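Asker: What follows is a structure written as structure tokens; I'll ask about it next.
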Amino acid sequence: MSIPPHEIIVIPAFGEEGREVLWQQCFDVRLDVFHHEQGFPAETEKDDLEDVGTHFLLRLTPSLKPVGTIRATRGNGYYKLSRLAVLKDYRQYRFGRELVQALEDWVRADAKNNRLSVAKIHSHSQLYVKPFYAKFGYESEGDEFDEDGAPHQLMVCTVQID
Ligand SMILES: CC(C)(COP(=O)(O)OP(=O)(O)OC[C@H]1O[C@@H](n2cnc3c(N)ncnc32)[C@H](O)[C@@H]1OP(=O)(O)O)[C@@H](O)C(=O)NCCC(=O)NCCS
């Protein structure tokens, strides 16, 4: 299997130059996957974490075609991983793995800046994706719950900060 050349960028923060265009590219990947492919309502895709979130975009090089995204936010005592999506035609290239690792690197740097010795990352996982997160050390916590009309499970990863 030959993996298409690609890069992951962290898009500029809200209010910074270049944010809108790149955020829209992340959002379009999400709409394609969560709305058109999986059938979630388009209106639930945009939430109140868009502006405060740190968005990552995986794009092919040299075409810069957007194919994957993930979002990191700071919660109350934990970080949150959300909106992980890779376009259907580009799955199984380890792009999902790279996006999860890019988010974890960002969490490590942020936690270090804030002098934390340990950081927790929360993800609300669709049930079928639980084995994917488990590969990266995420463990189930609590009962399944409904989110946007589909069953989800809280998965938590504990990261030691050196
Ligand atoms: C989940 C998703 C991001 C995975 O992306 P991907 O690029 O295909 O995943 P990768 O190629 O990086 O897979 C990494 C590993 O996880 C495994 N994996 C991928 N999807 C999996 C799944 N649904 N269940 C179990 N394992 C999975 C791969 O086989 C691979 O294993 P390996 O490293 O041992 O070979 C992608 O399937 C997707 O976008 N799904 C639709 C959106 C979605 O459900 N997002 C999650 C919301 S909670």
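Asker: Of the conditions (1) in contact with a His (Cβ under 6 Å, 6 or more places away or on another chain); (2) within 18 Å of F34 (Cα to Cα); (3) more than 9 Å from the ligand (Cβ to nearest atom), P151 clears all except one; give me its number.
Answerer: Answer for P151: the failing condition is (1).
Asker: Continuing with this model, one more query. Based on this model, can you work out whether Y133 counts as closer than 21 Å to E147 by Cα, touching a residue at least 40 places away in the same chain (Cβ under 8 Å) and crowded, with 20+ Cβ neighbours inside 10 Å?
Answerer: It is false that Y133 is closer than 21 Å to E147 by Cα, touching a residue at least 40 places away in the same chain (Cβ under 8 Å) and crowded, with 20+ Cβ neighbours inside 10 Å.
Asker: Where the second residue is part of a helix (DSSP H, G or I) and exposed (fewer than 12 other Cβ atoms within 10 Å of the Cβ) and the first is modelled with pLDDT of 95 or more and lies in the stretch 17-31, which pairs have Cβ atoms under 9 Å and are six or more apart or on separate chains?
Answerer: L31/A42
Asker: Now, a different point. Return the residue satisfying two criteria in turn: it lies in the stretch 58-85 and is within 15 Å of P5 (Cα to Cα) and part of a strand (DSSP E or B), and of such residues it is nearest to the ligand (Cβ to nearest atom).
Answerer: G68
Residue by residue, here is whether (1) surrounded by 19 or more Cβ atoms within 10 Å (Cβ to Cβ); (2) at positive phi; (3) of a type in the set (V, I, T) holds:
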position	(1), (2), (3)
A42	no, no, no
G53	yes, no, no
F56	yes, no, no
P62	no, no, no
V67	yes, no, yes
G75	no, no, no
L81	yes, no, no
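Asker: Further question on the same structure: Looking at the stretch 14-40 only, could you name the residues that are loosely packed, with under 14 Cβ neighbours inside 10 Å and either touching a strand residue (DSSP E or B) at 6+ places or on another chain (Cβ under 6 Å) or in a helix (DSSP H, G or I) (or both)?
Answerer: Hits for the stretch 14-40 are E20, V21, Q24, D28, H36, E37.
Asker: Does the stretch 106-132 hold any residues that are over 16 Å from D162 (Cβ atoms), assigned to a helix (DSSP H, G or I) and either small (G, A, S) or more than 15 Å from the chain's Cα centre (by Cα) (or both), and which are they?
Answerer: Matches in the stretch 106-132: L127, Y128, P131.
Asker: Continuing with this model, one more query. Check whether at least one residue in the stretch 92-105 is part of a helix (DSSP H, G or I) and more than 17 Å from the chain's Cα centre (by Cα), and report yes or no.
Answerer: No, that holds for no residue.
Asker: Within 22 Å of W23 (Cα to Cα) and either near the ligand (Cβ under 8 Å from one of its atoms) or polar (S, T, N, Q) (or both): which single residue out of V129, V100, V107 fits that description? Steps first, answer last, please.
Answerer: Values: V129 fails: within 22 Å of W23 (Cα to Cα); V107 fails: either near the ligand (Cβ under 8 Å from one of its atoms) or polar (S, T, N, Q) (or both).
Among V129, V100, V107, only V100 is within 22 Å of W23 (Cα to Cα) and either near the ligand (Cβ under 8 Å from one of its atoms) or polar (S, T, N, Q) (or both).
Asker: To continue, here is another question. Would you point out the residue of the stretch 96-122, among those that are aliphatic (A, V, I, L, M) and surrounded by fewer than 13 Cβ atoms within 10 Å (Cβ to Cβ), that is farthest from N76 (Cα to Cα)?
Answerer: A109
Asker: Still on this structure: If you take the residues of the stretch 136-148 that are part of a loop (DSSP other than H, G, I, E, B) and without any contact (Cβ under 8 Å) to a residue 40 or more places away in the chain, which of them is nearest to the ligand (Cβ to nearest atom)?
Answerer: Among residues in the stretch 136-148 that are part of a loop (DSSP other than H, G, I, E, B) and without any contact (Cβ under 8 Å) to a residue 40 or more places away in the chain, the one nearest to the ligand (Cβ to nearest atom) is F136.
The values are calculated or read from the model by the stated rules, or taken from the named source; none is laboratory data. Because the structure is a prediction, the values reported are computed rather than measured. FYI the Cβ positions are ideal-geometry reconstructions off the backbone, even for glycines, and counts take in every protein chain you see.
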